[in-house]
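The values are calculated or read from the model by the stated rules, or taken from the named source; none is laboratory data. It should be emphasised that the depicted structure is a prediction, and the values quoted were computed from it without experimental measurement. Neighbour counts are summed over all protein chains in view; Cβ atoms, including those assigned to glycine, are modelled from backbone coordinates with ideal geometry. Calculation scope for accessible area: heavy atoms of the full protein, side chains included, ligands and nucleic acids excluded. Shrake-Rupley method; radii C 1.70, N 1.55, O 1.52, S 1.80 Å.
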Amino acid sequence: MREDLRLPTELWFIIASYTRSRTLRSLFSVNHAFFHASMGARYANVSLTSLKDKKFVRNLVRLSDPFVARRVRSLLIDVNFFAEVEQRISDSHSNREEHEDIHPNPLHLRNATGYIFKSSRDIMQAILRVLPLLTSVSEFTFVMKQDLPSKNLVDVKAEILAKACLESFKHTLRKLKVTVFCDIVPTIFPISFAMENINSLSIELQDSPELTPEDDALPALHVLEMLIRKCKFSLASISLSIENDEENNEGFTPLLKELAAVEGLANLELHLSFLDIPYRPLEQLFMARSKSLKRLSLRSFTSSAAFRREDNANTWLWTVFPRSSILPDLESLEICRSIMYPYVHLNSQWLEPFQKLTAISIKYDIDMRFKDYHYEQCIRQLPLRENLRCLQIQVLFLDKHIFTSLMKSYPNLKCLYLKFGSVELSTFEEDKEKVKSNHANYFRKTLDEKTISQWQIQHLRISSSTYPGRVLRQYQDMFIQVFPSLETCWIH
């Protein structure tokens, strides 16, 4: 290799990470340096999620090679494939009674050497065999979301697999994301479990189908409390999503106290039943971390106890917290409609105290089938923020006033992420097909284009839960013409 092409291996790895997988396969045979860089980029992120994924078998087989396994940095496991295996076997047995000549293997998981996985047990054993070889995993995501009527063999296997993975990766993990049923938390996080170098922790707990009305989620909350206590010196980012009813809210007080003891906490995401939690522990958490907290995300589960508990955290968040100036150094804030509801009309200027915000995200997370006038009013009355650079906003109905309001509130905004449901059109055209074929132009006629064209926005991202990509591309072309300063405009 020429002298000017002798770059460090780490630099070749970064270059390869921006290369398409088809090109990576071509680089394998160039030379030794390209081979190592390509292998590292190709297997840096590995996912085992579904039998429908063509890479499932290839990844599982290739990980048995220590040369490949030690290059894995991020691993995603969705145990839904266990349920898929059982479903395929069940369907195969049903079809075999009708057609005797059906192929004996229902999984169809094979490579060039033939069938290698004939049951979920084979898959389970294959994963457990490669765990000791995965010595460099720093990011691990484990997802368990089966909607099963009762605890069965799939749950047991998922529980064993989760515990084995966490035990194997506990010394190298820096980022952990777990989505499980609350009843298996004490099993996968035993008392002796601790992660030495964990930096980011994300836990989402779901109600287990095995829980009876007499059971509760308190054991899971106590386990999370001890886990955060052991890892508080290295944690900088915590995300908790726990749904709980008003009968078991006493477990959140010690949990929030442990969060307040995490001195380096800079990123906090809370998706809790704030209507059932007293506000005092949450207030103490914000006061303790007022200097370190930079990014905050708040979302609430709905509950019928909103008007039965006067000191609930949801009311405090919307009425008292914005005026308290507890978090003066907050740079990024994400707040959802569930926090505002039903207090949105009481305080439309809830962003006033946060003077250092550079990024705001406002999401709509409740089920509404009609125009939410209080929410629309809040969006239009956002306070003036000249230092804001990034805004992510979600509206049910996109109307002609939204861009004018945002321009007045955020004149120096550079990045806008806009998600909308439907679009309000004011037209006398009776031919619906004609409107549908040119949807964006009819909306453009309602805009104050002369005013909003002066907005110096540079990056725009749009998405919709209602319209297909064909219609979104019309809006993409329209926005490029309306905003001359746009550098990038893409749809999602």
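Taking the Cβ of E258 as the center, what net charge do the other residues with Cβ under 14 Å away carry, scoring Lys and Arg +1 and Asp and Glu -1?
Neighbourhood net charge equals +3.
Using only the Cα atoms of segment 382-433, construct the convex hull and provide its projected area averaged over every direction, in square nanometres to one decimal.
Answer in nm², one decimal: 4.5.
In a shell of Cβ-Cβ distance under 12 Å around K294, excluding K294 itself, what net charge do Lys and Arg (+1) and Asp and Glu (-1) give?
Surrounding charge for K294 is +2.
Lys/Arg Cβ at +1, Asp/Glu Cβ at -1, dipole of segment 385-492 taken about the Cα centre: which of V423, T446, G469 is farthest positive-ward?
G469
Pop out the carbon and sulfur fraction of the accessible area of segment 362-434 as a percent, whole number, probe 1.4 Å.
The C+S portion of the solvent-accessible surface of segment 362-434 is 49 percent.
What's the ranking of 319-328, 72-81 by average number of surrounding C-beta atoms within 10 Å, highest first?
72-81, 319-328
Hey, which of these cross-link pairs are over 21 Å Cα-Cα: K52/K419; K356/K408; K371/K408; K400/K450?
Check vs 21 Å cut-off fails for K52/K419; K371/K408.
Using the beta-carbon distance between K170 and E352 and R0 = 41 Å, what value does 1/(1 + (r/R0)^6) give for FRET efficiency, to the nearest 0.05?
The value I calculate is 0.40.
All other residues with a Cβ under 13 Å from the Cβ of Q474 taken together, and with Lys, Arg as +1 and Asp, Glu as -1, what is their net charge?
+3
So, for segment 354-492, what is the accessible surface per residue at a probe of 1.4 Å, expressed in square angstrom?
With the other protein chains kept in place, segment 354-492 gives 52 Å² per residue.
Under the 0.36 nm per residue contour assumption, what length would be gained going from the current alpha-carbon distance of K371 and E269 to full extension?
Length difference between fully extended and current span is 33.9 nm.
With no solvent and one point per C-alpha, what does the Debye sum give as log10 I(q)/I(0) for segment 360-492 at q = 0.15 Å⁻¹?
Here log10 of I(q) over I(0) equals -0.72.
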